[in-house]
Amino acid sequence: MATAVQEKLPPALDSTADQPPLFDGTTRLYISDICPFAQRVWITRNYKGLQDKIKLVPLNLRDRPTWYKEKVYPQNKVPSLEHNGKVIGESLELIKYVDCNFEGPSLLPDDPAKKDFAEEMVKYTDTFIMFIFTSFKGDTIKEAGPAFDHLENSLHKFDDGPFFLGGFSLVDIANIPFVERFQLFFLDVWKYDIREGRPKLAAWIEEMNKMDAYKQTKYDPDELLEYYRRRFLFLLS
């Protein structure tokens, strides 16, 4: 399986690493390169051309620095963003924050109908993720199918482009890290292709894989699969 060329990251900081200076005027995005939530904000940064404005700070989540929780972000999760004398988190809030507070192409359209649908779909991503993970405990294909069908149907809403709002937007960014992982895992474990019978979803995935801002954030698929096997296969035994 071909691997996209991921943006070259500095070494992940672990418990032995010194803390970067806090609030020294540098905007820092704390991430883990395997984390889908962090990937959302990373894609947003890249699409808006902010590679020189927002510095990536990878963390080793298995051996994370104590200073991160104590001095940077008490929730001790990634992603978080250090900007203008404060640190904020939660990926869905952060993609909106970066879109609104930094230069670069807007990730929300002016059309009120599209804006309303964007809000609806971004909120739905939490439901979608929970629905899929819950399905691992039961009849997975039967239970997960409606969630993938919802994405397929939502992609029919606007016909002026291949993305959820026609043009590329925060809705695509919110969904793709998880669709990427679920596509790999379902095909590996159940030999089930989530694109089968869902032409819009298949076309969307194909278009997403052409986007440099996304390709630069993709993790090695074999390593992703191994991570998901370790994390979830006990539920299937």
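FYI, it's all coordinate maths here, none of it is from the lab. Just so we're clear, the structure is a prediction, and the values are computed from it rather than from any experiment. Ideal geometry is used to build each Cβ from the backbone, glycine not excepted, and the neighbour counts take in all protein chains shown.
When the Cα positions of LEU92, TYR192, PHE158 are compared along the charge dipole of the chain, LEU92 comes out farthest toward the positive end, with charges on each C-beta of Lys, Arg, Asp and Glu. When the listed pairs LYS71/LYS123; LYS8/LYS53; LYS115/LYS157 are checked against a 21 Å cut-off, the alpha-carbon distance exceeds it for LYS71/LYS123. Relative to the Cα centre, the charge distribution of region 76-171, modelled as +1 at Lys and Arg Cβ and -1 at Asp and Glu Cβ, gives a dipole magnitude of about 320 debye. Build a GNM of the chain with springs between Cα atoms under 10 Å apart, and of ILE176, ILE141, ILE31 the one that fluctuates most is ILE141. Size descriptors for region 1-107 (Cα atoms only): Rg and Dmax, in that order, 13.4, 43 Å.
What does the charge count near ARG198 come to, summing +1 for each Lys or Arg and -1 for each Asp or Glu among other residues with Cβ under 11 Å from its Cβ? Cβ neighbours under 11 Å give a net charge of -2.
Taking LEU187, LEU108, LEU81 as the candidate residues, the one with maximal mean-square fluctuation in a Gaussian network model of the chain, Cα springs under 10 Å, is LEU187. Sequence-ordered 3J(HN,Hα) estimates for region 160-169 from the Karplus curve with 6.51, -1.76 and 1.60 and θ = phi - 60° stand at 9, x, x, 9, 4, 9, x, x, 4, 8 Hz, glycine and proline given as x. Counting only DSSP beta bridges with both residues in the chain, the antiparallel share comes to about 65 percent. Among GLU7, GLU119, GLU206, GLU103, sorting on how many other beta-carbon atoms sit within 10 Å of each Cβ, with the fewest leading, yields GLU103, GLU206, GLU119, GLU7.
Above 32 angstrom, tally the Cα pairs of the chain and express them as a % of all pairs, no decimals. Don't jump to the answer; show the numbers that get you there.
Numbers: 5778 of 27966 pairs.
Result: 21 percent of Cα pairs exceed 32 Å.
Build a GNM of the chain with springs between Cα atoms under 10 Å apart, and of GLU82, GLU223, GLU90 the one that fluctuates most is GLU223.
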